[in-house]
Amino acid sequence: MKGAVRIRDADATRKRILVAAKREFARLGFGGARIDAIAERAKANKRMIYHYFNSKEILFTAVLEDAYLDIRAAERKLELDKMEPRAAIDALVAFTWHYYLKNPEFLTLVNSENLHKARHIKSSNAIRHDYPYFVNVVQDIIDRGVASGVFRTGIDAVQLNITLAAINYYYLTNKYTGSIIYDRDLMDPKRLEERLAFNIDTIQRLMRP
């Protein structure tokens with residue numbers, strides 16, 4: 001019984017550290033984040049952080065893994081394989097949009113890792129193992145759509161996913177400068193609804209025969 005309690009305590013502590021680290025890394029990036037601040041947020045101490053993660057680099061990698069695997073796990077819940085192809089694509093576009101809106105830390109973490117040329121996720125077997133599944137899911141949607149005549153041939157699942165992510169990602173990562181340049185509040189609820197509708201229409205037009 002005591003062993004089970006210790007395991008639960010260890011899991012809870014590790015989770016608190018990851019949550020605190022995610023906020024700190026998302027706010028300041030890998031370079032700006034400080035272990036002292038993470039320890040304070042997690043109500044832990046530096047020694048405990050290094051006990052679980054060994055280094056700041058390993059902690060950042062764990063945070064990235066947690067972030068990437070979370071969005072993939074949420075996508076699985078959509079059960080896209082059970083949807084008609086066009087509905088599945090609409091659902092995927094909408095899901096990505098709403099996930100980015102609800103999880104802005106994900107976008108800033110991705111930005112930070114790109115500044116470091118993917119140095120940390122290169123060592124992540126968990127991310128490498130998980131992503132082929134998602135590509136296969138998207139390819140299955142494409143194949144089913146081609147077979148039923150609603151999608152054109154020659155659509156690559158990786159290219160589609162990059163485009164789908166980009167039209168959602170760019171709008172939100174450039175919301176401040178875009179609001180000034182285009183003289184409209186890009187984060188106004190009405191504008192957000194318009195943008196989602198535009199994104200869905202854009203992807204569907206791209207895929208039509």
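Below are the figures for this structure:
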item: Members of the stretch 97-150 that are modelled with pLDDT under 95 and at positive phi; result: Lys117, Ala118
item: Enumeration of residues in the stretch 33-79 that are closer than 22 Å to Lys117 by Cβ and of a type in the set (Phe, Trp, Tyr); result: Phe53, Phe60, Tyr68
item: All helices (runs of 4 or more DSSP H) inside the stretch 116-191 with 2 or more residues being within 23 Å of the chain's Cα centre (by Cα) and touching a residue at least 24 places away in the same chain (Cβ under 8 Å); result: 125-148, 157-173
item: Unique match (being in contact with a helix residue (DSSP H, G or I) (Cβ under 7 Å, 6 or more places away or on another chain) and in contact (Cβ under 8 Å) with a residue 40 or more places away in the chain) among Arg72, Arg41; result: Arg72
item: Tyr68 among the hydroxyl-bearing types (Ser, Thr, Tyr), surrounded by 14 or more Cβ atoms within 10 Å (Cβ to Cβ) and in a helix (DSSP H, G or I); result: yes
item: Count of residues meeting criterion [touching a helix residue (DSSP H, G or I) at 6+ places or on another chain (Cβ under 9 Å) and either farther than 24 Å from Ala74 by Cβ or exposed (fewer than 15 other Cβ atoms within 10 Å of the Cβ) (or both)] in the stretch 130-142; result: 3
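The values are calculated or read from the model by the stated rules, or taken from the named source; none is laboratory data. This structure is a prediction, so every number in the text was calculated from the model and none was measured. All Cβ positions, glycine included, derive from the backbone under ideal geometry; neighbour counts span all protein chains shown.
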